[in-house]
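Quick notes on the structure that follows.
Derivation of every value follows stated rules applied to the coordinates shown; laboratory data play no part. From a predicted model like this one, the values you see are computed outputs, not experimental measurements. When we count neighbours, we look across all protein chains shown, and the Cβ atoms used for this are built from the backbone with ideal geometry, even at glycine.
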Ligand code: HEM
Ligand code: HEM
């Protein structure tokens, strides 16, 4: 069995940006005091993560063979057979993502986008009531990421097939010849990094650290914890109503000026 190149560079870059940004967003949300200005890095990392997923979508159609969504093994029967194979030790080789990785990958990408959307709705003030749902999605994401890592370890032990590093060097063991992709597409990898850097710099340039607000494609995002929900949680519903009232008053005052 020969090691052959299956994952192109953009897919590998996506993988480590995706997992790294998820870790930053999650750890900041859980470990940093939400009153502190460093909490804003949670939102900045989360928004960049959503952008990285948006870049992955066209690559899922026009990328190399195993980067395409059509190469993902999403048939439920394959997933069942894959788990049975892990239990019995029998092995079918998947050159691209195996069924468990395929499901986990698609679900994690969808969750990342949903976290971005609910986060945007909360911070733009359009709908602040997504707080619990947002946190629920984040824990679902964490569960999948941990299951994914456990799956890679289990696969390596049961099948004596070291697949983990394939997301670094791009190579996997293939049963027959000619299954490799012909190019790692380095130019697209560099382009992907470039676009993410431009997006990140753009976020920083439009971020006002004093007021903790971000100008984001025509919307103003308030990168702080949802104060109304805090008050409501503390049982101070009246306080929350008052603060809402004040916001309306401010808006009305603005309206009068116009
Ligand atoms: C040390 C930790 C990790 C290792 C060694 C690893 C390894 C891998 C490998 C080998 C694959 C391809 C699976 C296959 O060929 O069947 C993969 C795919 C994937 N992993 Fe990980 N992973 C790790 C952590 C993570 C984390 C923390 C996340 C998410 C937060 C993640 C998200 C993904 C995604 C989204 C894919 C699909 C990539 C694509 O096709 O675009 N991984 N990973
Ligand atoms: C991978 C992406 C993300 C993950 C994993 C994530 C995770 C979390 C978690 C776990 C919390 C709860 C923190 C706590 O215990 O109090 C939280 C809260 C929050 N997140 Fe995210 N988030 C992500 C993306 C975003 C984005 C993109 C935004 C906004 C643009 C955002 C805005 C918020 C806000 C405003 C809160 C506080 C809600 C409140 O309690 O008032 N998040 N997030």
For a quick check, take a GNM of the chain with Cα springs below 10 Å and name the residue from 213, 124, 70 with the largest mean-square fluctuation.
70
So what are the three principal axis dimensions of the chain from its Cα atoms, in whole Å, longest to shortest?
73, 39, 28
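How would you rank 28, 110, going from fewest to most other Cβ atoms within 10 Å of each one's own Cβ?
Numbers: 28 20, 110 13.
Sorted ascending by nearby Cβ count, the order is 110, 28.
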Here D for the stretch 29-68, in µm²/s, from Stokes-Einstein with a Kirkwood Rh over Cα pairs at 10 °C and 1.306 mPa s, works out to 132 µm²/s
Could you identify which residue out of 189, 89, 170 has the top mean-square fluctuation in a GNM of the chain using Cα springs shorter than 10 Å?
89
Over the Cα atoms of the stretch 132-195, what radius of gyration and what Dmax do you get, in Å?
16.7, 50
I'd like the distance between the alpha-carbon centres of the stretch 71-106 and the stretch 117-160, rounded to an integer number of Å.
21 Å
Fewest-first ranking of 131, 35, using other Cβ atoms within 10 Å as the exposure measure
35, 131
How high is the relative contact order of the chain, in percent, counting Cα pairs under 8 Å that sit 6 or more residues apart?
29 percent
When the chain is modelled as a GNM with alpha-carbon springs shorter than 10 Å, which of 24, 53, 190 fluctuates the most?
190
Provide, as a two-decimal number, the C-alpha radius of gyration of the stretch 73-222 over 2.2 N^0.38 Å, N being how many residues it has.
1.37
